[in-house]
1. Residues in the stretch B:51-91 near a label at residue B:14, defined as backbone nitrogen under 17 Å from the 7 Å Cα→Cβ point?
2. Determine, from the Cβ-Cβ distance of residue A:38 and residue A:137 and an R0 of 60 Å, the FRET efficiency 1/(1 + (r/R0)^6), rounded to the nearest 0.05.
3. How many percent of Cα pairs in the stretch A:182-247 exceed 18 Å?
4. Any chance you could check the Cα centroid distance between the stretch A:55-103 and the stretch A:184-227 for me, in angstrom?
5. Treating the Cα atoms of chain A as identical point scatterers in vacuum, please give the log10 of the normalised Debye intensity I(q)/I(0) at q = 0.08, 0.13, 0.15, 0.16 Å⁻¹, two decimals.
6. What share of Cα pairs, in percent, lie more than 29 angstrom apart in chain B?
7. For the stretch A:212-320, what is the convex hull volume of its Cα atoms per residue in Å³?
8. What does the average come to when, for each residue of peptide B:111-122, you count the partner chain Cβ atoms lying within 10 Å of its Cβ?
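Where a number appears in this text, it was derived from the coordinates with a stated rule and is not lab data. These figures come from a predicted structure and were not determined experimentally. Every residue, glycine as well, gets a Cβ built from its backbone with ideal geometry; the counts of neighbours run over all protein chains shown.
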């Protein structure tokens, strides 16, 4: 049996091409972070030494950080260090930036992942219901509720959740991060739900209109004319096609989700990368800030890569 | 012949009426349609766009959804498809009655391989295992004349040419050896040469599989070349019916006469092609009396007031016109 149809070969070469396309993206991210940090007012030496720094000390520190070298040379050092996993040392915590990020980033990743999952669990069935009951009561209620969710800022939803489910009902902890995996799931549930609230509203609206478009497509009529079971028609023919545009949106929104995590982690006192970012901004901890920016930017472009691959898998015409 | 009536064989449609509740009012898309299709018979349904011929097919198949509403009887094997519960109808659709659409590019799911779209039909109606389904799929691809079937089953619709796509759709529709095929303008989207191949294929399949076919088209040439009997639809109603030979030799409805007059013919004396003046009426706002009277050169007062009934003229001939004698006697247009 020849099972490898010509269907899977284009997908493979598409993935390869798409990975190669990430190289210029990463270079661009490095250039921007490098330039941005150097555009910030103040310099690391003064930040380390404080107001009473004397010129000799500043020069000594600049020399030890390589800041006395010409800019292009500094950039090459910077690139070399990034690729060897050396993102410098935190000014405030006196620890390697890589170590700090490796501690904090998994927390944010787990939070974002939970939020994305919750958002999908909320959005997909409700989008279906709203689309099938279009212009009826169920549709109006679903869309109305999500409209409220969409128009409330993340920090406000977070505080609301904290007050109701944390402080009053005491169903969930009001903050922190557990030790075991199950404990962490429990601790992160409310923050994840907060993040998922507005995210699912965006997904639901998009998926609803996309399902309405697909459900009247002729291939759905043909599927019905073939006498397929309703469940197969809905999943294989309607949902799969409707998801194509939603997957793109999902990928684009992941960046926003990381941004939301910064706020949510602050509200719920979750020790993640978002909190770290806020702290390092206030503390002028440039190396941490720079390292975090690079890590998050790479993460976001990896998400784009994943959504593109998923989309190509959903829709073979993309990989052509 | 109307062999289907009462015998449980073939398709018997009685009083089929399809209404759509639109913002501009009730649209009468199909009105009181009677149609018989005997075993192995090929019946043509012809009319302009919006005449209700496609909606008739979809109503027979039970594909009309809200805001559409279907009444009347569609008898198949002694059962009424209109009154049937959804699950029972599902088992008939795709297995006993199949349907093909005008545009295979939109009727095939763009993101699924053709083989899967064929095999899911077998999954829905048979107990064949994966290997048997694959074998059946290959067999069907051969029947409809798609070369390199093994490879093509793994390909997607966009990788097929227009003619091959239509063949693929026919293969999918035929998967469970249906006894009746409803073909909705199967050749309209194709090049003329490919059109001819597809029609030959349909005729060949009809003979080999002893299948009845209802062929919807706006192309009289297609009807002439393939069908045994034909029905002409105008504004949702059947206005003339008969064997293809009879209707072509002597049309008795002015609309049929007009349709025939607008087709160029090889070998005939070259004259100006005639066209039917005006446009078909909107379905929410049909004219009183005969729906065709505003465009009809035979129309008199009665046509503006009363709707002509579809009356029998002999064994297998029906027409809905007060002036069918005058139409028949008019100078031959051919």
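1. Only B:60, B:71-84 pass the distance filter.
2. Working: r = 58 Å, r/R0 = 0.97.
Efficiency, from the Cβ-Cβ distance: 0.55.
3. So the portion of pairs separated by more than 18 Å is 51 percent.
4. 45
5. Treating every Cα as an identical point scatterer, log10 I(q)/I(0) equals -0.50, -1.07, -1.24, -1.31.
6. Working: 22516 of 55611 pairs.
Of all Cα-Cα pairs in chain B, 40 percent lie more than 29 Å apart.
7. Numbers: hull volume 13.7 nm³, N = 109.
It is 126 Å³ per residue.
8. 4
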